Amino acid sequence: MKMTAERWQSLTLGIVGIALFLAAWEAIGVNRLAGLTWPPLSAVFQFMFDPTKAQLFIRAMEASFSMVILGYVTGSVVGIALAGLVHVLPVVRPGMDRLASVIHAIPAIALAPLFIVLISREFTGMAIAALNVFFILYVSTTSGLNNSTAGHRDLFQVLGSSRTTRLLRLDLPAALPAVVSGMKYSVPAAFIGAILGEWFGSSRGLGLLMVSAMQNFQIPLLWSAVFIASTASLIVFGLMGLLEQFVYGRYK
Amino acid sequence: MNAPLSSAPATAPEAWAINVDHVGKTFTLDGGKELKAIDDVDIKIGQGEFVALLGPSGCGKSTILRLVAALEDVSTGRVTVEGSNPTALSRAHRLGVAFQDHALLPWLTIRDNIALPYKVAGRPVDDKRIAELLALVGLSGFEKARPRQLSGGMRQRVSIARALVLKPDVLLLDEPFGALDAVTRRHMNVELQRIWSEQRITTLLVTHSVEEALFLADRVIVMSGRPGRIIKEIQVPFARPRSPDVQRTMEFHHLADELTLALEPEGHH
């Protein structure tokens, strides 16, 4: 990746934009422009980095992020595996497509009570995260597996390739850009799912912190939890973006 | 070197490396309308013979190549390659094809692209053979490069190396240099002629260039379009290996004129 003038410009503009956003946040908070529930950024940071609160946040982060990771991995594996299955067994494709869209069409909120009964309160967030991630990866992988060009398919046929060899050496590598894009876009979905799930009576996690802070009017705590969750999601999203760039450069 | 098997009995169908036996091909279009791409085409290619199929674009010459490669099925007639159904050849990994679009896999290095036929055939990769072919197509030292880092002519040479790597019995070339500029193309033809003269594999080349067909082939078959039919056939008299100077002889020019005339729409009545 070369740092061209264009890249520098977009990077500088990005930093300026973020700085403006944070400054506006601070200014609105300090001047109470949006009332009591909008604290200045400095107040949120002060609360967040208070050493006596460290333990609280670390425990909440451990609980939430482990659910995010678990849900993300489960959803990805199931989504990619089922997409692979319908690619090899095209007969089941229409049925599976419909099932995936029906599940996706039901709001996660409506399913949450079901998960609480079926699994447990602690794993409801993970289940919603997995469901969100599953749908995105199922869709991106099924479409990705058809991304090989007609010329490449002809090549494998004249080389006398078996179906399995073609899947491994052509369809999967050709699908990789779409899969990685799906993995990028399912990062926020996994965070939303996990944190939303914790609202339904989980005993730990950032979602629980948010709900209890909201109910007890602990505004800096609420904003801290939101800030941590958003930052974590953005960082992972950014890292996946870098991976996506690399994969697009090589596989497309 | 495999000289053409002139001793084989010409009457038995097995004597022909490729036998396109009175073949017709009709495509059904989206609206249900039928399009006759080729009609009653009869081509016999002997072992170790290089035949060029010459014709304007859309005359069905690529369709014939795709029938021989078992990428399409015939509507009427029959195609046999080495005495059996064309699919048998590709299933046995004994067919080499270079397409107009190089069809290199962008995620593999040049070395791995040429090694692909071994992997698909489930055979151990012969790195000596790959090195030899890379030298043959003048790309030694590019093993670790990726297709996008190469020029169009270089990619085309890699795709020819890939077509040759398993020492196929039959080589099919579908306008492999069609997308190249005239200078590169002439250069590639000289290279291909040199490579082919060393290996003498039964080859069917599809092209719309008169000079390319004459310079490379033992026999040139001219087709007219819609539906594709054979209208002329000439034997190319130049001895091999051919030097590029052949293209400047009177005889070459004379044959080129004859073929060009045959290609013109009013040339055949």
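The values are calculated or read from the model by the stated rules, or taken from the named source; none is laboratory data. From a predicted model like this one, the values you see are computed outputs, not experimental measurements. Note: ideal-geometry Cβ built from the backbone for every residue, glycine included; neighbour counts use all protein chains shown. Surface areas here come from the heavy atoms of the whole protein model, side chains and all, with no ligands, DNA or RNA. Shrake-Rupley method; radii C 1.70, N 1.55, O 1.52, S 1.80 Å.
Here are some notes:
- Hydrodynamic analysis of chain A uses the Kirkwood radius over alpha carbon pairs. Inserted into Stokes-Einstein at 20 °C and 1.002 mPa s, it gives a translational diffusion coefficient of 103 µm²/s.
- Separation of alpha-carbon centers, segment A:183-239 and segment A:13-37, rounded to whole Å: 21 Å
- Angle in degrees between helix B:250-263 and the longest Cα principal axis of chain B, rounded to the nearest 10: 60 degrees
- Loop trypsin sites (Lys or Arg not before Pro), segment B:23-88 (other Cβ atoms within 10 Å of the site Cβ: 16 or fewer; DSSP): B:Lys33
- Length-normalised contact order for chain B - Cα pairs under 8 Å, 6+ apart - percent: 25 percent
- Segment A:8-71: mean projected area of Cα convex hull, nm²: 6.9 nm²
- All-pairs alpha carbon distance profile, segment A:1-117, 10 Å steps from 0, percent: 10, 17, 20, 27, 19, 5, 0
- Estimated translational D of chain B in µm²/s (Stokes, Kirkwood radius over Cα pairs; 20 °C; 1.002 mPa s): 112 µm²/s
- Solvent-free Debye calculation, one equal scatterer per alpha-carbon of segment A:100-184: log10 I(q)/I(0) at 0.11, 0.16, 0.18, 0.19 Å⁻¹ equals -0.46, -0.70, -0.78, -0.82.
- Degrees between helix A:93-105 axis and first principal axis of chain A (Cα, 0 to 90, nearest 10): 10 degrees
- In segment B:103-167, Rg over Rh equals 0.92, where Rg is the alpha-carbon radius of gyration and Rh the Kirkwood radius from pairwise Cα distances.
- Under a model in which nothing but the beta-carbon of Lys, Arg (+1) and Asp, Glu (-1) is charged, chain A shows a dipole of about 520 debye around its Cα centre.
- For chain A, the longest principal axis of the C-alpha atoms and the axis of helix A:124-144 are separated by about 40°.
- Applying the Karplus relation 6.51 cos²θ - 1.76 cosθ + 1.60 with θ = phi - 60° to segment B:39-54 yields 3J(HN,Hα) values of 9, 6, 8, 10, 10, 10, 10, x, 4, x, 9, 10, 10, 9, 9, 10 Hz, where x marks Gly and Pro.
- Taking Lys and Arg as +1 and Asp and Glu as -1, the other residues whose beta-carbon sits under 11 Å from that of B:Pro241 total +3.
- Taking every DSSP beta bridge that has both ends in the protein assembly as shown, the antiparallel portion is near 50%.
- Residues of segment A:233-252 whose accessible area, computed with a 1.4 Å probe over protein heavy atoms, drops by at least 50 Å² once all protein chains are present relative to their chain alone are A:Arg250.
- Between B:Met223 and B:Leu54, B:Gly55, B:Ile231, the built amide H atoms are under 5 Å apart, and every one of these is 5 or more places off in sequence or on another chain.
- For the pair segment A:110-175 and segment B:20-69, the centres of their Cα atoms are 39 angstrom apart.
- Convex hull volume per residue for segment A:113-251, taking Cα atoms only, in Å³: 108 Å³
- By the compact-protein rule of thumb, 2.2 N^0.38 Å, the alpha-carbon radius of gyration of segment B:157-269 corresponds to a ratio of 1.08.
- Helical content of chain A, expressed as a calculated mean residue ellipticity at 222 nm, amounts to -26500 deg cm²/dmol (DSSP H runs of 4 or more residues, -39,500 (n - 2.57) each, divided by residue number, nearest 500).
- Value of Rg to Rh for segment A:55-156, rounded to two decimals, is 1.12; Kirkwood radius and Rg both from alpha-carbon coordinates.
- Relative contact order %, segment A:105-194, counting alpha carbon pairs below 8 Å whose residues are six or more apart: 46 percent
- Convex hull volume per residue in cubic angstrom - Cα atoms of segment B:163-225: 96 Å³
- Amide H contacts of B:Gly228 (H built 1.01 Å from N, under 5 Å, at least 5 apart or other chain): B:Ile38, B:Asp39
- 10 Å Cβ neighbours from other chains, averaged over peptide B:95-108: 5
- Simple rule: put +1 on each Lys or Arg Cβ and -1 on each Asp or Glu Cβ in the protein assembly as shown, find the dipole, and look at A:Thr12, B:Gly32, B:Gly225; the Cα lying farthest toward the positive end is A:Thr12.
- Packing-based order for B:184-194, B:123-133, A:178-188, using average beta carbon neighbours within 10 Å, highest first: A:178-188, B:184-194, B:123-133
- A helix-only calculation puts chain B at -10000 deg cm²/dmol for mean residue ellipticity at 222 nm, using -39500 (n - 2.57) for each DSSP H run of at least four residues, averaged over all residues.
- Rolling a 1.4 Å probe over the protein heavy atoms gives the protein assembly as shown an accessible area of 49 Å² per residue.
- Taking a straight Cα-Cα cut-off under 19 Å and skipping sequence neighbours fewer than 8 places away in the same chain, the aspartates and glutamates within cross-link reach of A:Lys252 are A:Asp154, A:Asp171, A:Glu244, B:Asp101, B:Asp112.
- Kirkwood hydrodynamic radius (C-alpha pairs) into Stokes-Einstein, segment B:86-205, 20 °C and 1.002 mPa s, D in µm²/s: 150 µm²/s
- Between A and B, buried accessible area from a 1.4 angstrom probe totals roughly 1900 Å², ignoring ligands, DNA and RNA.
- Shown for chain B: lysine pairs separated by 8 or more places, or found on different chains, whose C-alpha atoms are under 17 Å apart, numbering 11.
- Rg and Dmax over the alpha-carbon atoms of the protein assembly as shown stand at 32.1, 101 Å.
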